[in-house]
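Written out below as structure tokens is the structure these notes cover.
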Amino acid sequence: MKTKLATKLALVVALTLVAAVVLIGGCSHQIEKPTQTDRVEGAPEIPKNLQTKIGDGEVTLSWEITDASKISRYLIYRGDTAGTQPEVIDSAVELSYTDLNLRNSLRYIYQISAIGSNTLESKRSSPVSATPNAFSVSIGDGARFTRTVDVSLSLAAPSSTRLVLLGNDSLFEGSTWQNYSSARSWRLTPDDGVKHVYALFRDGEGNKTSHFSSDEIILDSRASISSVTESSGGAVLKAGDTVHFTLIAAEDEGVATVNITGIGTISLYAPNPIAQPPELSGTYEADFVIPGAVDVVDGTVTGSFTDAAGNQAQSRAALTYLNVANPPLPSQLSSFAVSETEMNITWTKSGATDFASYMLFRSASAGVDSTSTLVKTETNSATTSYSDTDLKVGVTYFYALYTVDKSALMAKSNVIAAQTINNPPAAVTLAAFVVSESEVELDWSRSTASDFASYQLFRSDSVNVTVASTLLQTQTNSSTTTYRDTDRKPTTDYYYAVFTADKAGLASKSNVVKATTPANQPPKSVTLFATKQDSTSVTLGWTKNDDKDFESYRVYRSVSSPVGISNANITGAVATQSTTEYTDRNIDKGQKFYFVVVVFDKYGTASALSNEVHGPN
């Protein structure tokens, strides 16, 4: 009887405590821990068959219960092998739970208990362990394409992995678990297109990954050419004419060329390599300018194509032929710089019997052609030079000469790159003048460079002044040749240099000058006077201190005369140099004080004492 009575009392106490926790906790999201009732009648059954699945930073739990209608929720207990004791981390109302944001490679221990509708908690289930980790599968070392169905797989999993399940579909139809190894051979499904490989992993404890890993690759086993065309239709072309070539293949992202008898191989390009519209898919084309000194009769245009996977299509010829008339032979071009703004261009004389003119073109880029700037047309074949003036300093120009015959056929010379002379600007002469213990004036001679860009003034603590030193000023006005370096320290060596830069980026360094600031001098003292006083206050005024390193006025007072810093107290301080007045209101009736003012500079040096005044009278 006593045992049954004690059991009933324990149950009543447990239910009372759980009710109190619910009332106090309200709607809190924290997990309520009900009374553990291992030895109380009415406790729910223990969850059984606890299973785990692992993933990247996660563990999925599932369990069974005979009659879930009697269960209100389940408590999830978790510990780990790093020393964390099992404790409740969450609750669930279903027969599964996914624990997220876990640390990979750490072994976790889980138990589940059931909370009955009577709020009593069952004993915990048998513990299970699981170790989350990252898993992956890669086809062909991450290649985008494969030309064959036989590929290599690279698998990544922790050392505890024992088995792997591989499949060409996510349902793993016909697949069986195999011993794990990081490298495997695999056969994809046939027919060109995007292929997938899926993988599940299982460790030595029987834990299976909660999600499959996968990778994809494009199977591309063949290439073909639909057509090759050229735009001339067989008409005779001359030097400078443009012919358009088009090759239609079965796919994008390949390499297409055409080979022309008597001219050579020309690369073709997709109209938009990023994203072609559907109507241009598989189209490759190029404009080609017919060069000089070329004579082609019924030249065959043959197209070749290699797709992105490396498959080579069977070559295909255009239905029309290319014909090019023989233009005059090109001249050979050369140059030399005359000055910063002038270039002399020379060329070999044309021997064409139907000579018409030389046409000299200039460009700022290497792609100079007959659409570039025309700088000279010369109709005398014996004139083989030209001076190109009004150029920019230190700039590279590109030139080409077209030799034109009376049939308007032209031949393009070699392209030359010619740079105008760019001498660095002359260095200026720098001088330094010490103004005070905290200020240095720098003056330098004016630059006369025609392409002047700026003065750059640098300061250093050593004689090695470089552009890595402290930059004090960049001055773009060539007539401004002075600068004051303020806020310097007393008794200190400073080194300065000016770099004069031109518009081409060349610079010349001036001489290095040294400036030594003198020792700090005490501030000048002020004259003190009383402007107003009554029985409990004194208003003091004084003359203004004009020192550049001013820090503050400090007002001292003493009950006896003479007043000294050592026998007086600071009754006030004024940090504004233009403020020359202070009122001492901390005076009792009948008291009399003697006052002085001392000026302090920013280095902590004090002036001499001012004259002494007293009050109240």
How high is the relative contact order of the chain, in percent, counting Cα pairs under 8 Å that sit 6 or more residues apart? 7
Positive minus negative residues near N168 (Lys, Arg vs Asp, Glu; Cβ under 14 Å): -3
If you take the square roots of the eigenvalues of the alpha-carbon gyration tensor of the stretch 214-264 and sort them as a ≥ b ≥ c, do you get rounded (a/c under 1.5), prolate (a/b over b/c) or oblate? prolate
Which of S372, S445, V415 sits farthest toward the positive end of the charge dipole of the chain, with +1 on the Cβ of Lys and Arg and -1 on the Cβ of Asp and Glu? S445
Using only the Cα atoms of the stretch 289-367, build the gyration tensor, take square roots of its eigenvalues as a ≥ b ≥ c, and label the shape rounded, prolate or oblate: rounded if a/c is under 1.5, else prolate if a/b is larger than b/c, else oblate. oblate
Accessible surface ranking that places the most exposed of F135, F595 first, with a 1.4 angstrom probe: F135, F595
Nearest 5 is fine: what % of DSSP beta bridges in the chain come out antiparallel, could you say? 95
Computed Kirkwood radius, in angstrom, where 1/r is averaged over Cα pairs of the stretch 110-221: 16.0
Report the calculated FRET efficiency for T543 and T516 (r = Cβ-Cβ distance, R0 = 30 Å), to the nearest 0.05. 0.40
Please work out how much length the chain gains when fully extended from A156 to D493, using 0.36 nm per residue of separation minus the C-alpha to C-alpha distance, in nm with one decimal. 114.9 nm
To the nearest whole percent, what portion of all C-alpha pairs in the chain is separated by more than 32 angstrom? 77
Can you list the lysines whose alpha carbon sits under 30 Å from that of K509, skipping same-chain ones fewer than 8 residues off? K392, K489
Using protein chains only and a probe of 1.4 angstrom, how many square angstrom of M410 are accessible, to the nearest 10? 40
With every protein chain left in place, what is the accessible area of V467 in Å² (1.4 Å probe, nearest 10)? 100
Quick one: go through the stretch 124-150 and flag any residue whose amide nitrogen is under 12 Å from the point 7 Å out along the Cα-to-Cβ line of E205. 127-133
Which FRET efficiency value, to the nearest 0.05, do you get for T302 and S226 by plugging their Cβ-Cβ distance into 1/(1 + (r/R0)^6) with R0 = 22 Å? 0.90
Cα-based equivalent ellipsoid of the stretch 470-514: semi-axis lengths in Å, sorted from largest, via gyration tensor: 24, 13, 9
Cα convex hull volume per residue for the stretch 469-617, in Å³, equals 139
Where Rh denotes the Kirkwood radius from the mean inverse Cα pair distance, what is Rg over Rh for the stretch 231-363? 1.11
What does the net charge come to around V258 if you take all other residues with beta carbon closer than 14 Å to its beta carbon, with K and R at +1 and D and E at -1? -2
Could you sort the peptides 470-477, 509-516, 317-324 by per-residue average Cβ neighbour count (10 Å cutoff), highest mean leading? 317-324, 509-516, 470-477
Stretchable slack from S138 to V338, in nm (0.36 nm times residue separation minus alpha-carbon distance): 65.7 nm
Relative contact order (percent) for the stretch 171-266, with alpha-carbon contacts under 8 angstrom and 6 or more residues of separation? 18
Measure up K48/K208; K412/K503; K376/K412; K514/K602; K524/K602 against 22 Å on the Cα-Cα distance and list the ones that go over. K412/K503; K514/K602
Rolling a 1.4 angstrom probe over the protein chains, ignoring ligands and nucleic acids, what is the accessible area of F361 in square angstrom, nearest 10? 10
Around G303, under 15 Å between beta carbons, what's the net of Lys plus Arg minus Asp minus Glu among the other residues? -3
Please say if the stretch 336-382 is rounded, prolate or oblate, where rounded means a/c under 1.5 for a ≥ b ≥ c the square roots of the C-alpha gyration tensor eigenvalues, and otherwise the choice is prolate for a/b larger than b/c and oblate otherwise? oblate
What 222 nm value per residue comes from the helices of the chain, counting each DSSP H run with n ≥ 4 as -39,500 (n - 2.57) and dividing by all residues, nearest 500 deg cm²/dmol? -1500 deg cm²/dmol
Among A114, V555, T384, flag the residue with its Cα farthest along the positive direction of the charge dipole of the chain, charges on Cβ as +1 for Lys/Arg and -1 for Asp/Glu. V555
Expressed in µm² per second, the diffusion coefficient of the stretch 315-440 from the Stokes-Einstein equation, with Rh the Kirkwood radius over alpha carbon pairs, at 25 °C and 0.890 mPa s, is 140
Test of understanding: extend the Cα→C-beta vector of S445 to 7 Å, then name every residue of the stretch 495-537 with backbone N under 17 Å from that spot. 497-501, 508-513
When only C-alpha pairs under 8 Å and at least 6 residues apart count, what is the relative contact order of the stretch 325-367, in percent? 31
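The values are calculated or read from the model by the stated rules, or taken from the named source; none is laboratory data. In this text the structure is predicted, and so the values were computed from the model without any measurement. Every residue, glycine as well, gets a Cβ built from its backbone with ideal geometry; the counts of neighbours run over all protein chains shown. Protein only, heavy atoms only, side chains kept; ligands, DNA and RNA dropped before computing areas. Shrake-Rupley method; radii C 1.70, N 1.55, O 1.52, S 1.80 Å.
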